[in-house]
Amino acid sequence: METESIQRLLCTTIEGAKRGVNSIAFSPNGTTLASDNANTIQLSDTATGRKKKMFWVDIGENITADVSSVAFSPDGRLLAGGIHEPETICLWDVNTGEQRKTMRENATGASHWVNAVAFSVDGKIIASGSEDSNLYLWDVRTGKRLKAFAEDAEKVFSVVFSPNGETLASGNSGNAIDLWNTATGEKLKTLTGHTHWVFSVAFSPDGRTVASGGRDKTLRLWDVAIGEQRRTFTGHTGVIFTVAFSPDGLTLASGGEDQIIRLWDTGTGEQHTTIKGHTASIKSVAFSPDGTILASGSRDGTVRLWDLKK
């Protein structure tokens, strides 16, 4: 199938991230987009692209730090940010802008920043993966660490909960995806096939499939139940930094070093759309809850919103 190239923006490009954008997230109601900007998180109106709020990172004693990842709670009331400080997560009240908590692990071995954060389905737990292999679960109410997973790889780049909350997937520098039982901490499966680091993982809406992308320039689909690879997508000419399923599970979006967003049919494996416009690596993509908008964040310092209905 010949791919369609989309070069039209839904709204004004959101600019101003001087150091580039690492992570973006839609609010559950789809009206707000969060994106990191150095030591701040910007909330933008998805209809207009205008800035609504800005949250600053305060890790104590008038010290600030950059943000590496962002995630909304399922009810949209809280925003979590993974911070470029040893095992540190900040939590904000979305309505008031107040920084509610700073979660930090001070144990020996907690020496590197957090690469990824994700909320559990019920919003009670945050998972985090860090640059020094630590994979933790945190209690949102108390801010205390609940569980540490025995990750073998040196770095954890991506974490995501399954839709039912029972499984956690992590992508790592061991060229693999690990699946964990969130209740017991037991490693259920290790999905192998990538030939280099895995930077991004995502669960399909039905929880049966995990998608992954990484430094080997391939995008892969995995059967969660049996732990086997179902499909490999090729087409990117550089590192893949980000993958995301559409809400209906029929489309997979990917972005990376080649500055192109690619949309794939999850059933056939065909690439049906390419989206161009960014001028540097694409670090994060996200579908709006209704699937009509695709957002992308890039090292070029912009966030762009793309209309998938046109």
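Summary of values
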{"item": "Residue among THR279, THR182, THR251 that is modelled with pLDDT under 95, touching a strand residue (DSSP E or B) at 6+ places or on another chain (Cβ under 9 Å) and hydroxyl-bearing (Ser, Thr, Tyr)", "result": "THR279"}
{"item": "Selection within the range 281-310 - assigned to a strand (DSSP E or B) and small (Gly, Ala, Ser)", "result": "SER284, ALA286, ALA295, SER296, GLY297, SER298"}
{"item": "Top-ranked residue of the range 226-248 - restricted to ones that are among the small types (Gly, Ala, Ser) and within 27 Å of PRO289 (Cα to Cα), ranked as modelled with the lowest pLDDT", "result": "GLY235"}
{"item": "Unique match (being of a type in the set (Asp, Glu), buried (at least 22 other Cβ atoms within 10 Å of the Cβ) and closer than 24 Å to THR190 by Cβ) among GLU131, GLU87", "result": "GLU87"}
{"item": "Boolean, ASP122 is closer than 21 Å to ASN181 by Cα, modelled with pLDDT of 95 or more and in contact with a Gly (Cβ under 9 Å, 6 or more places away or on another chain)", "result": "yes"}
{"item": "Within the range 231-273, considering residues that are assigned to a loop (DSSP other than H, G, I, E, B) and touching a residue at least 60 places away in the same chain (Cβ under 8 Å), the one surrounded by the most Cβ atoms within 10 Å (Cβ to Cβ)", "result": "THR266"}
{"item": "Among (1) part of a loop (DSSP other than H, G, I, E, B); (2) crowded, with 20+ Cβ neighbours inside 10 Å, the one test that ALA116 misses", "result": "(1)"}
{"item": "Pick from the range 274-292, criterion touching a Phe, Trp or Tyr at 6+ places or on another chain (Cβ under 7 Å) and within 14 Å of SER246 (Cβ to Cβ), ranking: surrounded by the fewest Cβ atoms within 10 Å (Cβ to Cβ)", "result": "PRO289"}
{"item": "Given (1) within 16 Å of ALA202 (Cβ to Cβ); (2) in a loop (DSSP other than H, G, I, E, B), index of the condition HIS278 fails", "result": "(1)"}
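The values are calculated or read from the model by the stated rules, or taken from the named source; none is laboratory data. Owing to the predicted nature of the structure, the values given are computational and were not obtained by experimental measurement. Don't worry about glycine lacking a Cβ; one is built from the backbone with ideal geometry, like all the others, and counts go over all protein chains shown.
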